[in-house]
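Shown next, in structure tokens, is the structure this report addresses.
Taken together, the values in this text are just the output of simple stated rules run on the coordinates, not laboratory data. Worth saying up front: this structure is predicted, and the values here are computed from it rather than measured. Here the Cβ is made from the backbone with ideal geometry for all residues, glycine too, and neighbour counts use every protein chain on show.
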Amino acid sequence: MPVAALLAISSAHADSLIQSLNRVDNSLNKVQNTIHSTQNTIRDGQNKIDNTQRAIGEIQDGTYVEKRVENKVLQQKRRAVNGLINKSSNAIRKVTNTY
């Protein structure tokens, strides 16, 4: 009987310890998520600062409008190429009946 009682007490302590460890693990996960969120916020803020400084430099150099037009043309070219790739891929899939 004393062995059975000792096992029951040990089991209860083990369950309590597991619950405590789970709470600690959950707390650590929350802290880690908070840290990652803060890092992302800082990174986003730094990107905005970098973009603003770059734009100010381009305005001072007189190249701001030129670079914006350049970027817009590159985006349109990229979209046109991607559109052609998608259309040709779709045509190939239709012909070969593979989706």
With everything on Cα atoms, drop me the angle between helix 64-96 and the longest principal axis of the chain, reported from 0 to 90° to the nearest 10. 70
Rank Ala12, Asn97, Gln32 by how far each Cα sits towards the positive end of the charge dipole of the chain (+1 on Lys, Arg Cβ; -1 on Asp, Glu Cβ) and give me just the farthest. Asn97
Helix 2-61 axis, angle to the chain major axis (alpha carbon atoms, nearest 10°): 20
Hey, got the dipole for the chain? About the Cα centre, +1 on K and R Cβ, -1 on D and E Cβ, debye to the nearest 20? 760
Can you give the Rg to Rh ratio of the chain, both from alpha-carbon atoms, with Rh computed by the Kirkwood formula? 1.46
List the lysines whose Cα lies under 26 Å from the Cα of Lys48, skipping any in the same chain that are fewer than 8 positions away. Lys67, Lys72, Lys77
Looking only at Asn40, Asn51, Asn82, which one moves most when the chain is put into a Gaussian network model with springs between Cα atoms under 10 Å? Asn82
Per-residue ellipticity at 222 nm for the chain, helices alone: DSSP H runs ≥ 4 residues times -39500 (n - 2.57), over residue total, nearest 500 deg cm²/dmol? -35000 deg cm²/dmol
Thr34 to Gln75: FRET efficiency via 1/(1 + (r/R0)^6), r the Cβ-Cβ distance, R0 41 Å, to the nearest 0.05? 0.70
